[in-house]
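Report on the structure given below.
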Amino acid sequence: MRKILLTLSLVAAAAVPALAQTIPGSVNVSAVVPGTYTADGRHTQVAWTVNHLGFSLYHGLFGNASGSLTIDPAQPNAAKVTVSFPIADVVTTVDALNKHIAAPDMFDAAKYPTGSFTSIKVTVNGTHATIDGNLTLKGVTKPVSLAATFTGVGTNPLNKAATGGFQAKGSIKRSDFGISYLLPALGDQVDLDITAAFEKKPAA
């Protein structure tokens, strides 16, 4: 039995790809490949936090995002980014709350199925940037400013795509978007923590 287990362990170790031994991405702005990238929906998340009745800070997450990033390291301030995310795919730790967030008295996902952000101005300072743009929720569009940090760039060893990403933080008032359920007991300010990954697959 020990020999069998040892053999299986050796086989498993041999099957581990090289990416387990190295980190493919690095914070190297000059390594960014110019062009238009597509949002990696599996690794792009819009996390939010709201004050729950003054007792606790409650967290949730929107995923399955789509969108694009156009960037050229020679002209970083000309970068453009768009991200859309399905409201009905919201995730919390309570199934009933997930459904309620999509209900008419909250986001009304049946009528307004997606939220979106489109940049209008990007101001880069090294590995940091301010991204000013328009956020649309429940059919209402408001300006939002995000403080972004470049997190890494490189070639994804799994699909050979040039890949890069950033983290961005900001705050909004949900009442600005017509989401006034339980105000003011349930907090109006919503803090956003966005993790965005984009990839540019090689030509076939």
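The values are calculated or read from the model by the stated rules, or taken from the named source; none is laboratory data. The model shown is predicted, which means the values in this text are computed figures rather than measured ones. Positions of Cβ are backbone-derived with ideal geometry, glycine not excepted, and every protein chain shown enters the neighbour counts. These area figures cover heavy atoms from the full protein model, side chains too; ligands, DNA and RNA do not enter into them. Shrake-Rupley method; radii C 1.70, N 1.55, O 1.52, S 1.80 Å.
Just a few scattered comments:
- Exactly one residue among 141, 136, 44, 130 is touching a residue at least 24 places away in the same chain (Cβ under 8 Å) and of a type in the set (S, T, N, Q), and that residue is 44.
- Any chance residue 152 is over 22 Å from residue 84 (Cβ atoms), surrounded by fewer than 19 Cβ atoms within 10 Å (Cβ to Cβ), in contact with a strand residue (DSSP E or B) (Cβ under 7 Å, 6 or more places away or on another chain) and in contact (Cβ under 8 Å) with a residue 60 or more places away in the chain: yes
- Scanning segment 116-135 for residues that are open to solvent by less than 50 Å² (accessible area, probe 1.4 Å), in contact with a Lys or Arg (Cβ under 8 Å, 6 or more places away or on another chain) and of a type outside the set (A, V, I, L, M, F, W, C) yields 119, 132, 133.
- Filtered by the rule that a residue be on the phi > 0 side of the Ramachandran plot and in a loop (DSSP other than H, G, I, E, B), segment 148-184 gives 160, 178, 182.
- For segment 122-147, the set of residues classified as part of a strand (DSSP E or B) and among the basic types (Lys, Arg) consists of 142 only.
- Members of segment 49-99 that are surrounded by fewer than 16 Cβ atoms within 10 Å (Cβ to Cβ) and among the basic types (Lys, Arg): 99
- Residue within segment 193-204 that is among the aliphatic types (A, V, I, L, M), part of a loop (DSSP other than H, G, I, E, B), closer than 30 Å to residue 34 by Cα and open to solvent by 30 Å² or more (accessible area, probe 1.4 Å) present: yes
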